[in-house]
Amino acid sequence: MFKTIVFSLCLLIGISASAQSKTGIDFQKIDLEAAKKIAKKENKLIFIDIYTTWCGPCKLMQKNTFTNPKVGELFNKNFVNLAIDAEKEGVALAKEFKIVNFPSFLFLDATGKLVQYDFGYYNAEQFSTVGMAVLDKISTQATPKTLDMVKGKMVGDKIADFSAKDHLGNTFSSAKEKEKLILVFIRGQWCPYCNKYIESLQNLAPQLKAKNARLVIISPEKPEFIEKTLSKTKTGYTVLYDEGYKIAEAFDVLYTPDSKTLDFYNSKLQDQFTKSRSDNSGRLPVSATYILDENKVISWRHFNPDYKERASTEDILKQL
């Protein structure tokens, strides 16, 4: 009887210890591609601990921080968690993200896009704060911007290099452009104001070369719809497909129309509106015009939330 009681106590203690060992972060034994699928299905982010076997702070994180119950609760609920050895299966990953510090922490979205990077030793409380900051960052980004929330990048701001393809599939890269750039955002070929404005810009063409400037039109529409823009306006300027609204986001000109306006566009334009862009969010760019100098710094802008108001050709020439 006594032996039975002792055995039962040992068993309970063993179960309790096993349960405690699993209260921290649950690092899954899967690769990044599998993690992306799970993250997408479960609407989670991806957390990757990039470590090495010789790294002291890495071992402390594994011993003290990742095993903390509160850290585990936060990360298991919101992230698909991976622990990857930078010198074994993580060599390519470390190279891709240019990791030289250990431990390093990658926070990715379900597509594998970097949301935040961090490194170094954190205790449990500090690391919970890091995790919450990442979630807050995503929450803020996920909130659609209304027209009055969009302010546009300002004069003096330096714009990171961007690239996009035109209707022929040719890649435009701002990094390769040595001229001044005039960037004109349009809403699409269905917008009569956009088409009329593009036509008026043709008057600039003869003078741009002398001013060491190139005009590029940024459209949220797919190549087959850009073809319609070219047909309607007869423009000779490069028109880029801003896939995923990346350029519009970089310039902070992207917004979501109110529900009444969206209902109007969807009912009146139908496929011309719903199928022309890279998603069904209904997002549109403010019809802004920017001039970037040779260093990709904004030297002038025309930003008006009213799509009927556009930069005049006279003003553009004065600023070149």
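The values are calculated or read from the model by the stated rules, or taken from the named source; none is laboratory data. Quick caveat: nothing in here was measured; it's all calculated off a predicted structure. In this analysis, Cβ positions are derived from the backbone assuming ideal geometry, glycine residues included, and neighbour counts consider all displayed protein chains. Please note that ligands, DNA and RNA were not included when accessible areas were found on the heavy atoms of the full protein model with its side chains. Shrake-Rupley method; radii C 1.70, N 1.55, O 1.52, S 1.80 Å.
Numbers for the structure displayed
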| read-out | value |
| --- | --- |
| Restricting region 237-251 to residues that are modelled with pLDDT under 95 and open to solvent by 10 Å² or more (accessible area, probe 1.4 Å), the residue that is farthest from Glu221 (Cα to Cα) | Ala250 |
| Flag for Glu87 being at pLDDT 95 or above and acidic (Asp, Glu) | yes |
| Answer residue from region 23-63, given it is acidic (Asp, Glu) and touching a helix residue (DSSP H, G or I) at 6+ places or on another chain (Cβ under 8 Å) and is surrounded by the fewest Cβ atoms within 10 Å (Cβ to Cβ) among those | Asp26 |
| Qualifying residue in region 210-217 (condition: basic (Lys, Arg), closer than 28 Å to Thr274 by Cα and surrounded by fewer than 19 Cβ atoms within 10 Å (Cβ to Cβ)) | no |
| Top-ranked residue in region 140-155 [being of a type in the set (Ser, Thr, Tyr) and in a loop (DSSP other than H, G, I, E, B); ranked as farthest from Leu45 (Cα to Cα)] | Thr146 |
| Of residues in region 64-94 being under 20 Å from Gly120 (Cα atoms) and β-branched (Val, Ile, Thr), the one surrounded by the most Cβ atoms within 10 Å (Cβ to Cβ) | Val71 |
| Lone qualifier among Tyr197, Tyr193 - being crowded, with 16+ Cβ neighbours inside 10 Å and either touching a residue at least 60 places away in the same chain (Cβ under 8 Å) or closer than 25 Å to Ser281 by Cα (or both) | Tyr197 |
| Residues of region 252-285 satisfying the condition of being open to solvent by less than 10 Å² (accessible area, probe 1.4 Å) and among the hydroxyl-bearing types (Ser, Thr, Tyr) | Ser276 |
| Scan of region 218-236 for residues that are surrounded by 14 or more Cβ atoms within 10 Å (Cβ to Cβ) and basic (Lys, Arg), ordered by number | Lys222, Lys228, Lys232 |
| 3 or more residues of a type in the set (A, V, I, L, M), under 28 Å from Lys158 (Cα atoms) and touching a residue at least 12 places away in the same chain (Cβ under 8 Å): qualifying helices (runs of 4 or more DSSP H) within region 215-292 | 246-250 |
| Out of Asp306, Asp315, sole residue that is in a helix (DSSP H, G or I) and closer than 15 Å to Val184 by Cα | Asp315 |
| Residue selected from region 109-139 under the condition in contact with a Lys or Arg (Cβ under 8 Å, 6 or more places away or on another chain) and within 20 Å of Lys40 (Cβ to Cβ), by the criterion surrounded by the most Cβ atoms within 10 Å (Cβ to Cβ) | Ala110 |
| Region 115-146, residues that are over 30 Å from Thr52 (Cβ atoms) and either modelled with pLDDT of 95 or more or touching a Leu at 6+ places or on another chain (Cβ under 8 Å) (or both) | Lys145 |
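Residue by residue, here is whether (1) in contact with a Phe, Trp or Tyr (Cβ under 9 Å, 6 or more places away or on another chain); (2) touching a residue at least 60 places away in the same chain (Cβ under 8 Å) holds:
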{"position": "Val71", "(1), (2)": "yes, yes"}
{"position": "Asn76", "(1), (2)": "no, no"}
{"position": "Leu82", "(1), (2)": "yes, no"}
{"position": "Asp85", "(1), (2)": "yes, no"}
{"position": "Glu89", "(1), (2)": "no, no"}
{"position": "Pro103", "(1), (2)": "yes, no"}
{"position": "Lys113", "(1), (2)": "no, no"}
{"position": "Phe119", "(1), (2)": "yes, no"}
{"position": "Thr129", "(1), (2)": "yes, no"}
